[in-house]
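To start, the structure itself, in structure tokens.
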Amino acid sequence: MKNWVADTPDSDIIHRLEKDCCVNYLTATVLASKGFRTAGEVTESLQTSRLSNPFLITDMQKAVDVINHAIDNNEKICIYGDYDCDGIMSTVIMYSYLREIGADVIYYIPERSEGYGLNVKAIDDIHEQGVNLILTVDNGISAVDEAEYIYSIGMKLLITDHHQQGETLPRAEAILDPHRHDCESVFKDMCGAGLALKLVSALDGGNYTIAIEQFADLAALATVADVVPLISENRYLVSCGMRLIENTDRPALMALKEVCNIKKSVDTDAIGFRIAPRINATGRFGSPKYAVKLFLCEDYDTALVMAKELDELNEKRRKAESSITDEIYRITKENPDIVRERVIFICGKGWHHGVIGIVASRIEERFGKPCFIATESEDGEIRGSARAFGEFSVFDALTYASETLEKFGGHKSAGGFSIKSGRTEDFKNLLEEYALENHKKMPVFTLRANAVLNAGMINMKNLNELKLLEPYGEGNARPYFIIENALINEVIPLSDGKYSKLRFELERRRFEAPAFSISADSLVVQSGDVCDMIVKLDKNEFNGNTSVGIFVQDIRPHGFNQSKYFAGREIFESFMRGEELPENYYSAMLPTRNEAVMIYKAISGAGIYSDKLFMKFCPQINYCKFLIIIEALRQLDIITVSSSDSVIKRTVTDKKSDFYSAPVISALMEKTGR
């Protein structure tokens, strides 16, 4: 169950945007809910029509002079990239352009096992190849020691990066980074490939024509994949790049579109969820150099063979991710207290480090908690990835626990870390301590809706105008909408029940809406129920006809009291963690045997989803008491509770159980003095 928040922007602002932006009411409401107040703010953020002068970036002219000097003097240049999509695209952009203008250039991308950024062994290998100048892309701003080593062995360094500057800048001929404290660039949020494209433009005298025509497609891929804000110049770059990708003659992209089965127009979902994961898979299960070779390939048939190999690597990634996730579900099923902590921390052995960040995201969403996943390698190294949401800061939590860490980095919503030998339990305890001190009330995983839809708003005119807000991504999320008081006429299982399609009435008009993330069995509503939904709108194309598609993201009975639901869960988990509660809570939490029997009888051997059981059969029981009953029945081994999907099943047993002997009930009775 996710928390729902419906934005309610000021009506005066909505009407002002409606008038000044020449948009309809629904689009103006979405804009206002995103925080826009004036047409000028909308234009600056969403309607940028060009990239700013590349020479506004500090050291840009120096960088151009350094590169031109190296070319004029036949000095060998090495492009030093990174193993993710942004680093790979940045490498392809710079290598392709420098080779095109006559430079003696090679490239180097570290394997994931080498770690991020410059390293001494790689520098030595590059030096042995006769390189005079190392040009970093998507890394280098923190390589203070490595930079000194580069100069100590007679090479020079030019840095292009988009990450935050530390206390000290590395030694270099030039450092291009919009996040430099002294950089006056008007736009700070480009990824590494976007910055590489700007350097190409500067090398061409500041003209963007060639840079956009040749490399906007690659920069768009990287911009979406690196999850930088899709506002201002990034929106312009991605819009240009997506048009190029749709009509591409680049063999690599033609081949990747083929293996990804992308037939229609390209959007950010196609890039972020289909193309980019296959590129990233090379850095996780192969070599990122292979992806560079694919994008440098000039023959379609060869590119198709290579793209199919990327597809196979991505399938390996999926299987590894699924295997680790399944193991985590097994661990949490055996010990559910793990997911009742304020922060989920799980450390496994031999898990593929390249996918634990993805796993952390899945576990975070499944349990609605900040999630820190680590893996111990054969040599005892413990590395991990973290994900969080809301006001909880991964970086602040890692800083709080830094005494237990070899190294760490990241930002508010994500980060990476390495734990010192023997300090794993200390790290876990410090995470909980940080959460308790800074988030007495932990954030709840939330779906935010930009507006409430009535039946008349669901039309092609509104949908076409909403398309003006694309491309969607970080900093410009796809709008979600709430539909209230919908009467369910029919629930249709799809794909053997894995998904659902709903037929419903809203204000006497009939609609259909697939729910691709909700199985038919897990639906908490059925035919005849009145419900509320959070949905997204998109075009639905079938047999040459285009209509408004309604896609359900979450659903619940109308009138459901979510504040009591989440308060009940919070109280239950606090009790299970041994935290003290107000004395009057304990008697309200203590269930009767009859209440437990009623719930037990509603559970079948085939199983029922927890939320469905609560909403359909326990309307008079508060959610905390419901969870107490389920935990008691689980402790008595007369039910099982799936960790992966919260399906509750009866167990086959002849054993007679005393409900009041369950540890959780005994603990509650002690608190109430019974």
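The values are calculated or read from the model by the stated rules, or taken from the named source; none is laboratory data. All values reported here derive from a predicted model rather than from experimental measurement. Note: ideal-geometry Cβ built from the backbone for every residue, glycine included; neighbour counts use all protein chains shown. In case anyone asks, the SASA skips ligands and DNA or RNA and just uses the protein heavy atoms, side chains included. Shrake-Rupley method; radii C 1.70, N 1.55, O 1.52, S 1.80 Å.
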**Request:** Scan around A449 for amide H atoms under 5 Å from its own, H built in the peptide plane at 1.01 Å from N, and keep only partners 5 or more places away or cross-chain.
**Result:** V5, A6, D7
**Item:** Nitroxide proxy distance, nm - points 7 Å out along Cα→Cβ at V186 and E44
**Value:** 1.1
**Asked** Which entries in the list K2/K440; K461/K539; K369/K441; K264/K289; K349/K420; K441/K536 go over 22 Å, if you measure between the two C-alpha atoms of each?
**Response** K264/K289; K441/K536
**Request:** Evaluate the charge dipole of region 51-92 about its Cα centre and quote only its size in Debye, nearest 20, assuming +1 on the Cβ of each Lys and Arg and -1 on the Cβ of each Asp and Glu.
**Result:** 100
**Complete:** Per DSSP, the loop-located trypsin sites (Lys or Arg not before Pro) within region 1-76 having at most 11 other beta carbons within 10 Å are R50
**Complete:** Amide H contacts under 5 Å for K539, restricted to residues at least 5 apart in sequence or on another chain and with H modeled in the peptide plane, are G549
**Item:** Nonlocal amide H pairs with Y499, under 5 Å, H built at 1.01 Å
**Value:** L494, A520
**Complete:** Any lysines whose Cα falls less than 21 Å from that of K188, other than same-chain ones fewer than 8 residues away, would be K34, K62, K198, K412
**Prompt:** Out of region 382-415, which GluC sites (Glu not before Pro) are coil in DSSP terms and have no more than 15 other C-beta atoms within 10 Å?
**Reply:** E391
**Accessible surface of the chain, 1.4 Å probe, proportion on carbon and sulfur as whole %** = 46
**Request:** Calculate, for region 420-513, the solvent-accessible area per residue in square angstrom, rolling a 1.4 angstrom probe over the heavy atoms of the protein chains.
**Result:** 53
**Request:** Calculate, for region 554-674, the solvent-accessible area per residue in square angstrom, rolling a 1.4 angstrom probe over the heavy atoms of the protein chains.
**Result:** 51
**Average accessible area per residue (Å²) across region 249-294 - probe 1.4 Å, nucleic acids and ligands excluded** = 39
**Prompt:** So, by mean Cβ neighbours within 10 angstrom, what's the order for 528-537, 190-199 with the highest one leading?
**Reply:** 190-199, 528-537
**Asked** Do the sum for the chain: with -39,500 (n - 2.57) for every DSSP H run of n ≥ 4, divided by all residues, what is the mean residue ellipticity at 222 nm, to the nearest 500 deg cm²/dmol?
**Response** -13000 deg cm²/dmol
**Accessible area, probe 1.4 Å, largest first, for residues R556, R423, R508** = R508, R423, R556
**Loop GluC sites (Glu not before Pro), region 277-379, which have at most 16 other Cβ atoms in a 10 Å radius of their Cβ (DSSP)** = E298, E378
**Request:** Would you mind checking the radius of gyration and Dmax of the chain based on alpha-carbon positions, in Å?
**Result:** 27.6, 89
**Fill in**
With Cα coordinates, the longest principal axis of the chain makes an angle with the long axis of helix 11-20, in degrees rounded to 10, of 30
